[in-house]
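I have placed the structure first, in the form of structure tokens, so that the comments after it can refer back to it.
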Amino acid sequence: MCIDNDIYKEIRPYNDDEVKGAIQRLIDDKDFINAILKYRFPHASGMFGWLLIPLIKRFLVKKWSNVTSVKNVQDYVAKYMRATIDHSCNGVTITGLDKLDPNKAYLFVSNHRDIAMDPAMVNWCLFNNNFNTVRIAIGDNLLKKPCATELMRLNKSFIVKRSAKGPRELMKSLGLLSSYISHSLMTGNNIWIAQKEGRAKDGNDKTDPAILKMFFMEGRKQKLPFAEFMSGLNIVPVAISYENDPCDLAKAQELYQKETTGTYEKSEFEDIESIVQGIVGQKRRIHISFGDVITEAPETPDELAAIIDKQITENYHLFPSNYIAADIESEQVTAAERQLFEQKLADQPQGVQTILRRMYALPAQKKQAVE
């Protein structure tokens, strides 16, 4: 039975009784099967790839026969996350989680560097420390294929309808989103959402007050003051720090093109390629810092955004690459680390090099400014 009475049916994650149907739709989805064929069997996916399709489907039916609940899905995801972490990074460290209560629901507002890995890393920390995993906010711009929607909603993602057209439709969509977030927290479900729409491709982690205004739409509906309503959401700023961003060069090249030509045209599958690169690419070390619960929110969205930004800046974990790029002295910086960073810049145009340096330098410069 749907706990939401279906008011949130178009945006919410799947419930347990919807898992089997979603899995069957995935198995029947041509794009999904072709994607598996392409990534798992690249050399056999050409002219005779169709011969493998029945085998792949039969394999998936057998493999997923025991997946009947959202928890089963999360257990599968945890297994793949463990393999991803083992192959693509040199360790994960966590701070601040000991200040939180596993029996409470939190609204985690995080900096945003990687499309898939940011919420996945927060979930990984929670999952391994006996907290409930989060419901993940994901923009519908990433859900252009039905199979992507099925996968995301199976993994506790809810949809942010960025493609809403017209002021009335947009306000209705944002109002439903605000209501759903409040409803989730009230029913004991953690939420993850980025501090602004889109990744901080330039390395500048900054909260968009519009996100906070969206949270408050439900409070306004209840005729509550901003400070009172926002204080009850248990907002926790989260700073996610990657020693190496696998998508850094692609981000820098995009920003360079915008700087030099004024425009950048995203390719059809660019977001998917970014997701794949972010997952499989080498990240070296990762640190996730959970900040303090904001129990006394200020009177305005701008003031609250500043509080979130301050926590994320202060809690951001600096790696040698950050110090090197910012030209700040640190005992972490070795000759080997300098050489590694210079290799990253090698063979790139001067403009791209400048952007790459700035991307890694900004967290260190901002942290130095608040200390």
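Things to note:
- Cβ separations smaller than 6 Å between residues 6+ apart or across chains give the following pairs from the range 62-90 residues that are open to solvent by 100 Å² or more (accessible area, probe 1.4 Å) to residues that are not acidic (Asp, Glu): ASN90/ARG284; ASN90/ARG285.
- Test: ARG58 is at pLDDT 90 or above, touching a helix residue (DSSP H, G or I) at 6+ places or on another chain (Cβ under 7 Å) and open to solvent by 80 Å² or more (accessible area, probe 1.4 Å): no
- Against the test of being open to solvent by less than 60 Å² (accessible area, probe 1.4 Å), out of contact with any His (no Cβ under 6 Å at 6 or more places or on another chain) and more than 30 Å from TYR323 (Cα to Cα), the options GLY198, GLY188 yield a single qualifying residue, GLY188.
- Within the range 93-106, the set of residues being open to solvent by less than 20 Å² (accessible area, probe 1.4 Å) and not hydrophobic (A, V, I, L, M, F, W, C) comprises GLY96, TYR106.
- Entry remark, the range 304-331: residues being open to solvent by less than 10 Å² (accessible area, probe 1.4 Å) and over 20 Å from the mean Cα position of the chain (by Cα) number 4 in total.
- Residue pairs whose Cβ atoms lie under 7 Å apart, separated by 6 or more positions or on different chains, with the first residue in the range 346-369 and surrounded by 15 or more Cβ atoms within 10 Å (Cβ to Cβ) and the second hydroxyl-bearing (Ser, Thr, Tyr) and not in a helix (DSSP H, G or I), are PRO363/TYR316; LYS367/TYR316.
- Residues of the range 183-209 classified as of a type in the set (A, V, I, L, M, F, W, C) and either closer than 27 Å to GLN368 by Cα or in contact with an Asp or Glu (Cβ under 6 Å, 6 or more places away or on another chain) (or both), total: 3
- Enumeration of residues in the range 107-118 that are of a type outside the set (Lys, Arg) and open to solvent by 10 Å² or more (accessible area, probe 1.4 Å): HIS112, ILE115, ALA116
- Candidates LYS206, LYS161, filtered to the one that is closer than 18 Å to ILE294 by Cα and basic (Lys, Arg): LYS206
- All positions within the range 122-154 that are touching a Ser or Thr at 6+ places or on another chain (Cβ under 7 Å), assigned to a helix (DSSP H, G or I) and free of Cβ contacts under 8 Å to residues at least 60 places away in the same chain: PHE127, ASP140
- All positions within the range 209-268 that are farther than 23 Å from LYS310 by Cβ, more than 23 Å from the chain's Cα centre (by Cα) and aromatic (Phe, Trp, Tyr): TYR256
The values are calculated or read from the model by the stated rules, or taken from the named source; none is laboratory data. Everything numeric here is computed off the predicted structure, so don't read it as measured data. Here the Cβ is made from the backbone with ideal geometry for all residues, glycine too, and neighbour counts use every protein chain on show. Just so you know, the surface numbers come from the protein's heavy atoms only, side chains and all, with ligands and any DNA or RNA stripped out. Shrake-Rupley method; radii C 1.70, N 1.55, O 1.52, S 1.80 Å.
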